[in-house]
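No value in this document is a laboratory result; all are computed from the given coordinates. What you see is a predicted model, and the numbers here were worked out from it, not measured in a lab. All Cβ positions, glycine included, derive from the backbone under ideal geometry; neighbour counts span all protein chains shown.
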Amino acid sequence: MFLTWLQLRDFRCHAVLEFRPDPELNVLVGGNGAGKSSVLEAIGYLATLRSFRRSPEAALVRVDAEAAVLRGEFQGEAGTVRVEVELPRQGRQRVHVDGKRAQGRADVAARVALVAFLPDDLDLVKRGPSYRREFVDDLAVQLWPTAAVDQQEYERALRQRNALLRREGRRADPTTLEVWGERLAALGAGVVRRRLDALGAVAGGAEDLCRMLGGGGEGLAWEYVAAGLGRIAPDAAPVELEMRLAAAGARAREEDLERRTTTVGPHRDEVLLLASGRDLRTRASQGEQRTVALALRLAAFDLLAERRRSAPVLVLDDVFSELDGVRRARLVERLPQGQVFVSTAHGEDAPVGGLRWRVEPGMVQAEGEV
């Protein structure tokens with residue numbers, strides 16, 4: 001799969017921009033503030049309908065503009081797909097796929113696949129559980145697009161139960177709370193099961209890549225720890241998960257009433273990343289953590305390429321400058337076939353070939369072949 005063209009209007013620092021990248025390797029070069037990361041962010045947004053820099057949508061709209069517009073076309077084995085997104089400064093995004101209004105992420109994920117690695121991906125290993133949940137949920141959506149619907153339904157039910165708790169507190173009707181608890185348990189079981197499936201599918205490749213990128217040594221393992229339940233077996237059945245979630249929710253009801261929020265469910269779960277039993281969040285060097293994060297992204301790329309029979313678009317945003325010389329060389333050796341975007345402030349920091357582009361606000365201009 002590859003992006004054939006991109007058009008932006010009032011996105012970040014780009015008032016107007018058009019870009020027709022090469023179907024293979026593209027290196028975007030520009031100084032700080034030139035907008036190279038914003039171009040990659042726009043490509044990622046068209047593929048996932050969210051900012052891979054975790055930015056709120058209002059922050060994506062250029063200063064003094066009312067809305068940002070992103071358009072692009074992807075070419076894959078199943079043909080072309082055109083994605084258009086309008087991001088108003090206030091209000092909800094509007095998405096069209098091939099000219100028809102999209103219902104949600106599932107409509108795009110079924111047609112487009114993209115994997116991105118960023119300097120901040122160190123957070124995937126070293127920071128809180130929300131980063132690891134997001135990685136696994138995004139991978140699940142790209143493997144099984146209907147997982148997006150399951151996630152959205154769970155989040156909607158969670159918002160409604162939390163709104164009831166905030167509004168009513170201990171005055172909340174017990175029967176209504178029980179109904180919401182049963183709904184969350186049923187939906188949550190589906191979300192957890194997809195997470196376990198995604199982790200199981202990516203784990204082997206990630207372990208091999210950890211060893212390759214790190215020069216041998218320890219591999220990588222994971223454990224899923226559910227709030228109020230503890231460790232969950234990788235082969236746990238949906239019925240078992242639903243029953244356990246319902247029981248844990250009932251046990252937590254008094255605390256929920258006291259805190260006026262839902263304390264048990266997939267939104268509170270943790271994915272532990274381990275090497276020889278060590279929790280890599282707290283007992284690993286920064287180099288090890290970066291290697292693990294990169295291994296997870298590349299393993300996700302390989303998995304999606306295998307499952308979808310077409311390599312995803314790969315985005316490496318200012319990654320080479322964050323790696324030491326040895327890991328940089330190993331990454332270059334391991335770069336997959338397909339369309340790859342690399343950004344860098346200094347061309348010499350990206351020891352790869354391909355087509356190089358000079359980026360400035362509102363402009364991406366080819367410099368020539370390397």
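General observations
- Applying 0.36 nm per residue to the separation of residue 168 and residue 75 and subtracting their alpha-carbon distance, the gain on full extension is 28.4 nm.
- Selection from 280, 325, 93, by position along the positive dipole direction of the chain (Cβ): 93
- Karplus-derived 3J(HN,Hα), 6.51/-1.76/1.60, for each residue of region 351-364, Hz, glycine and proline x: x, 9, x, x, 8, 9, 10, 8, 10, 9, x, x, 8, 10
- Cleavage-rule hits, trypsin sites (Lys or Arg not before Pro), region 78-112, DSSP coil, Cβ neighbours within 10 Å at most 16: 89, 92
- Against the rule of thumb 2.2 N^0.38 Å, how large the Cα Rg of region 119-286 comes out: 1.13
- Computed label-point distance, nm, for sites residue 156 and residue 94 using a 7 Å Cα→Cβ extension: 2.1 nm
- Simple point charges give the picture: +1 on the Cβ of Lys and Arg, -1 on the Cβ of Asp and Glu, and for the chain a dipole about the Cα centre of about 900 debye.
- All other residues whose Cβ lies under 13 angstrom from that of residue 223 are scored, Lys and Arg at +1 and Asp and Glu at -1, for a net of +2.
- Counting all C-alpha pairs of region 1-52, share separated by more than 13 Å (%): 61 percent
- For region 61-207, the equivalent ellipsoid derived from the Cα gyration tensor has semi-axes of 30, 23, 17 Å, listed largest first.
- Cα-based Rg and Dmax for the chain, where Dmax is the largest Cα-Cα distance (Å): 21.5, 69
- Spin-label pair residue 15/residue 123, simplified geometry with 7 Å Cα→Cβ offset, distance in nm: 3.1 nm
- Alpha-carbon centroids, region 1-43 and region 65-117: separation in whole Å: 15 Å
- Helices that extend 24 Å or more along their long axis by alpha-carbon positions and average at least -0.5 on the Kyte-Doolittle scale are, among the DSSP H runs of the chain, 174-213, 286-308.
- Of the trypsin sites (Lys or Arg not before Pro) in region 252-328, the ones in a loop by DSSP (not H, G, I, E or B) with at most 14 other beta carbons within 10 Å are 283, 309.
- Positive-pole candidate from 145, 108, 125, dipole of region 106-168, charges at beta carbon: 125
- Mean separation of Cα contacts under 8 Å (6+ apart) over length of region 219-370, as relative contact order %: 16 percent
- Farthest towards the positive end of the charge dipole of the chain, among the residues 49, 184, 7, is the Cα of 184, using unit charges on the Cβ of Lys, Arg, Asp and Glu.
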